[in-house]
1. How many percent of the accessible area of region 62-191 is carbon or sulfur, using a 1.4 Å probe?
2. If the reach is capped at under 30 angstrom between alpha carbons, list the lysines near LYS104, excluding any in the same chain fewer than eight residues apart.
3. Please sort by residue number the trypsin sites (Lys or Arg not before Pro) in region 104-191 whose DSSP state is loop and whose Cβ has at most 10 other Cβ atoms within 10 Å.
4. Just the accessible area per residue of region 28-110, please: how many Å² with a 1.4 Å probe?
5. Would you mind calculating the gained length between ARG83 and ARG180 on full extension (0.36 nm times residue separation, minus the Cα-Cα distance), in nm to one decimal?
6. At 0.36 nm per residue, and after removing the present C-alpha to C-alpha distance, how many nm does the segment from ARG63 to TRP41 gain when stretched out fully?
7. At what distance in nm do the modelled label points of ALA135 and LYS161 sit from each other, each positioned 7 Å from its Cα along Cα→Cβ?
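The values are calculated or read from the model by the stated rules, or taken from the named source; none is laboratory data. Remember, predicted model here, so these are calculated numbers, not experimental data. Neighbour counts are summed over all protein chains in view; Cβ atoms, including those assigned to glycine, are modelled from backbone coordinates with ideal geometry. In case anyone asks, the SASA skips ligands and DNA or RNA and just uses the protein heavy atoms, side chains included. Shrake-Rupley method; radii C 1.70, N 1.55, O 1.52, S 1.80 Å.
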Amino acid sequence: MDTKIKLVTGSIVLILILSIGLSLNQGQPDVRPSWVHQVEWSDKPDDAAKIEELLWAEIIPYRTEYEIVNISAKREKEDMRLRIIARTKDSDSPDIYDFVYDEKRLLLTGYLLEAVSPVYRNEAIGIALGNQEVAASVANAGAPTVRRILPGTSEKFYAPKMLLSVTWRGTSALIDPDERKVVDVWKESVN
């Protein structure tokens, strides 16, 4: 009987220890989303965790995952400039974001988003070439670049949603990948 009491008491103590350990671990959640595999900082500030939490609400890969996200921080007076270079395994080109952080919020100041997998890149080029105006003007223009346009920028031209820009020398087509259509075309004026 005495052995059973010791066994039950030991089990209860073990369960309590495990419960406390788990609750302490849950007190510091990892804010990194599942689509970010590795983060590397250059000049990591003290409030890096807070900055990362804000970043994950602002950046997102296009139909893939970021294998590595490099974040460089540079303090300028009261603000901090952040450059994020995010790489995917299915694209040779990275996504680049520039932000200013003022200890409370992030302000996106620029971006160049070229981390588009070959499948979606080729699909966007095909949609662009399906437009007669585009096809006629890029016959010998070489290989295009394909970039993402964020909703805040695309709403100025079409709608507040993620779009793709397919650009050859002298011609650019704005693609709605969900609707699979060209929504606007720009051509360089020849004087």
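1. Details: 3420 of 7280 Å².
Result for region 62-191: 47 percent of the exposed heavy-atom area is carbon or sulfur.
2. LYS44, LYS50, LYS74, LYS77, LYS156, LYS161
3. Values: sites: LYS104, ARG105, ARG121, ARG147, ARG148, LYS156, LYS161, ARG169, ARG180, LYS181, LYS187; in loops: LYS104, ARG105, LYS156, LYS161, ARG169, ARG180.
Taking region 104-191 and a limit of 10 other Cβ atoms within 10 Å, the loop trypsin sites (Lys or Arg not before Pro) found are LYS104, ARG105, LYS156.
4. 61 Å²
5. On the way: separation 97, 0.36 × 97 = 34.92 nm, distance 3.18 nm.
So the extension gain works out to 31.7 nm.
6. Details: separation 22, 0.36 × 22 = 7.92 nm, distance 2.44 nm.
That pair, ARG63 and TRP41, stretches by 5.5 nm at full extension.
7. Between ALA135 and LYS161, the label points sit 2.4 nm apart.
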